[in-house]
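J.: Dropping the structure in here first, questions after.
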Amino acid sequence: MGEDKSMLAHSAMLYGALMGLFWIVKYLFFMFGFHWPFFDMVYWGLTFLVPVLAYVMTLYYKHDIGGHISFLHAWQFGFLLYLFAALLVSLLHFVFYRFVAPPDYIANTFHQTVLLLKEVDLPADVQAAIDKMEVPSPILMVFSQLLNNIIYGIIFSIPVALLACRKNA
């Protein structure tokens, strides 16, 4: 008999909304960190708690579905958890890049990244491609962070799923 995955999407949306609210609060600390360095440290501390929070939420979901979960089921839940949280925090990312960040924030960050990449011994064709790149728009930055959060969800859900499915009730 297979696992009951009927609650997967609903629970992932619910827990993902809670994770998204946590990420919004965490991102506010990032924003305040520009003026007060202490908040930047709080931001990084909260960032390290994200996988722990994902694990706890996966255990709650496991309990909600009867105490047994396979690795794939737990990984799917974790991936969806990060996906829904990423969608929610993307709204704040857009507000930040469009209305809050200094006008030259994206350009300065982009140029600093390009300078770092030029210090690395990259092939000439890669260097040429980097030289041709333009400063991203705020919406492109939002999509970039959305994609990053989804990729982190794919990766960080693996150890969480391994831990969550190891002792099934």
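The values are calculated or read from the model by the stated rules, or taken from the named source; none is laboratory data. What you see is a predicted model; the values in this text were computed from it and never measured. In this analysis, Cβ positions are derived from the backbone assuming ideal geometry, glycine residues included, and neighbour counts consider all displayed protein chains.
J.: Take the stretch 1-24 and flag every residue that is closer than 20 Å to A86 by Cα and loosely packed, with under 13 Cβ neighbours inside 10 Å.
T.: The one that is closer than 20 Å to A86 by Cα and loosely packed, with under 13 Cβ neighbours inside 10 Å: H10.
Results for (1) closer than 25 Å to H35 by Cα; (2) out of contact with any strand residue (DSSP E or B) (no Cβ under 9 Å at 6 or more places or on another chain); (3) not small (G, A, S), shown as yes or no for each residue.
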site	(1), (2), (3)
H63	no, yes, yes
Y82	no, yes, yes
S90	yes, yes, no
V95	yes, yes, yes
D104	yes, yes, yes
H111	yes, yes, yes
L122	no, yes, yes
V126	no, yes, yes
P136	yes, yes, yes
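J.: Looking at the stretch 38-150, what helices (runs of 4 or more DSSP H) fall wholly within it and have at least 3 residues that are modelled with pLDDT of 90 or more, surrounded by 15 or more Cβ atoms within 10 Å (Cβ to Cβ) and within 13 Å of the chain's Cα centre (by Cα)? Let's see the steps before the verdict.
T.: Working: elements: 71-95, 105-119, 124-132.
Those helices (runs of 4 or more DSSP H) span 71-95.
J.: Let me ask another. Going by the structure shown, is A9 at pLDDT below 95 and either assigned to a helix (DSSP H, G or I) or within 21 Å of I154 (Cβ to Cβ) (or both)?
T.: yes
J.: Taking the condition assigned to a helix (DSSP H, G or I), under 12 Å from the mean Cα position of the chain (by Cα) and farther than 20 Å from V25 by Cα, does I154 pass?
T.: So I154 passes the test.
J.: Go over the candidates Y82, Y152, Y105 one by one and state the one that is over 30 Å from Y55 (Cβ atoms) and of a type outside the set (A, V, I, L, M, F, W, C). Write out each step before concluding.
T.: Working: Y82 fails: over 30 Å from Y55 (Cβ atoms); Y152 fails: over 30 Å from Y55 (Cβ atoms).
Only one candidate passes the filter, namely Y105.
J.: Taking F143 as meeting all but one of (1) of a type outside the set (S, T, Y); (2) out of contact with any helix residue (DSSP H, G or I) (no Cβ under 9 Å at 6 or more places or on another chain); (3) closer than 26 Å to V52 by Cα, write down the number of the exception.
T.: In the conditions (1) of a type outside the set (S, T, Y); (2) out of contact with any helix residue (DSSP H, G or I) (no Cβ under 9 Å at 6 or more places or on another chain); (3) closer than 26 Å to V52 by Cα, F143 misses (2) alone.
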